[in-house]
Amino acid sequence: MARIGLFGGTFDPVHNGHIAIAKEALKKLALDEVILIPCGDPPHKTKKDISDKAHRMAMTELAFSSLGGFSVSDYEIKKQTPCYSVDMLKHFKKLYPDDELFFIIGADSFHDIPTWWHYRELLSMCTIIVVSRPDIDKSELFSRFAGDEAPPRVFYLGNVSYDVSSTQIRAMVYRRQDVSKLVPDKVVQYIKKNELYTNH
Ligand code: ATP
């Protein structure tokens, strides 16, 4: 039985925080593979807010293709309709029926999880790997599930990520600031070549 990590995100752009998280989850949870899943049209963001999915897919591939233990899935990118995480989990459960699934998310996303479509079903299908993020209080995250009949299986990864976000990187590129310490080189080149984030 393999242990498979699923790491979804907008990845607009993918940054060193994402890479650190994926590497740490692979190591700490002894996963066999981490699959990166760039989203298509996320239900919680409007389309004009985010870059073309082909760009986000390309940047995610550039960031992870030379690292062992990772692959990038176009499952959500190819979907024509908004994709909920519970549907993504079902898809991978079908692909890997005998394997154990781990869903990797930042503490900010885990904080919002009770607002997600069919989140209890999602929680029942996998172990959640929650990655700490500045400003998110750990105890508050978990107290919400205290007393649950079937509490989620959660592994908390503390002190992994840097204090970096895609929002911050987009703003820096817009202001023509250097992002080379926050984003892999190949992705920096891709952003420049395709003139991403110059308008917002
Ligand atoms: P944005 O600023 O556009 O919202 P983001 O930096 O949060 O983007 P996403 O692609 O939305 O990046 O993130 C994918 C997943 O990675 C989410 O679950 C998010 O919480 C998590 N994540 C992203 N950056 C970090 C970080 N620095 N530390 C911990 N988790 C992170």
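The values are calculated or read from the model by the stated rules, or taken from the named source; none is laboratory data. Here the structure is a predicted model, which means the values were calculated and not measured. Quick reminder, even Gly has a Cβ in these numbers, built from the backbone with ideal geometry, and neighbours come from all protein chains shown. Surface accessibility is based on the protein's heavy atoms, side chains included, excluding ligands, DNA and RNA. Shrake-Rupley method; radii C 1.70, N 1.55, O 1.52, S 1.80 Å.
Residue by residue, here is whether (1) modelled with pLDDT under 95; (2) within 14 Å of the ligand (Cβ to nearest atom) holds:
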site: Phe7; (1), (2): no, yes
site: Lys27; (1), (2): no, no
site: Ile35; (1), (2): no, yes
site: Cys39; (1), (2): yes, yes
site: Met57; (1), (2): no, yes
site: Ser66; (1), (2): yes, no
site: Gln80; (1), (2): yes, no
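What number goes with the only condition from (1) open to solvent by less than 40 Å² (accessible area, probe 1.4 Å); (2) hydrophobic (A, V, I, L, M, F, W, C); (3) within 16 Å of the ligand (Cβ to nearest atom); (4) modelled with pLDDT under 95 that Trp116 does not pass?
Result: Trp116 passes all but (1).
Based on what the data block shows, is Leu141 farther than 25 Å from Leu101 by Cα and not small (Gly, Ala, Ser)?
No; evaluated as a whole, the condition is false for this residue.
Which numbered condition in (1) crowded, with 19+ Cβ neighbours inside 10 Å; (2) within 15 Å of Ile128 (Cα to Cα); (3) of a type outside the set (A, V, I, L, M, F, W, C) is the only one that Lys28 fails?
(1)
Across the range 122-137, which residue is farthest from His18 (Cα to Cα) among those that are surrounded by 13 or more Cβ atoms within 10 Å (Cβ to Cβ) and of a type outside the set (A, V, I, L, M)?
That would be Ser124.
Inspect all residues belonging to the range 94-105 and state whether any of them is within 25 Å of Glu195 (Cβ to Cβ), part of a loop (DSSP other than H, G, I, E, B), open to solvent by 60 Å² or more (accessible area, probe 1.4 Å) and free of Cβ contacts under 8 Å to residues at least 24 places away in the same chain.
No, the range 94-105 contains no residue that is within 25 Å of Glu195 (Cβ to Cβ), part of a loop (DSSP other than H, G, I, E, B), open to solvent by 60 Å² or more (accessible area, probe 1.4 Å) and free of Cβ contacts under 8 Å to residues at least 24 places away in the same chain.
Somewhere in the range 9-25, is a residue open to solvent by 40 Å² or more (accessible area, probe 1.4 Å) and more than 13 Å from the ligand (Cβ to nearest atom)?
Within the range 9-25 (the criterion being open to solvent by 40 Å² or more (accessible area, probe 1.4 Å) and more than 13 Å from the ligand (Cβ to nearest atom)), the answer is no, since none of the residues qualifies.
Counting just the residues of the range 148-167 that are of a type outside the set (A, V, I, L, M), more than 7 Å from the ligand (Cβ to nearest atom) and open to solvent by less than 70 Å² (accessible area, probe 1.4 Å), which one comes out nearest to Gly5 (Cα to Cα)?
Looking at the filtered set, the residue picked out is Tyr156.
What residue, among those in the range 138-147 that are open to solvent by 60 Å² or more (accessible area, probe 1.4 Å) and more than 21 Å from the chain's Cα centre (by Cα), is farthest from the ligand (Cβ to nearest atom)?
Gly147
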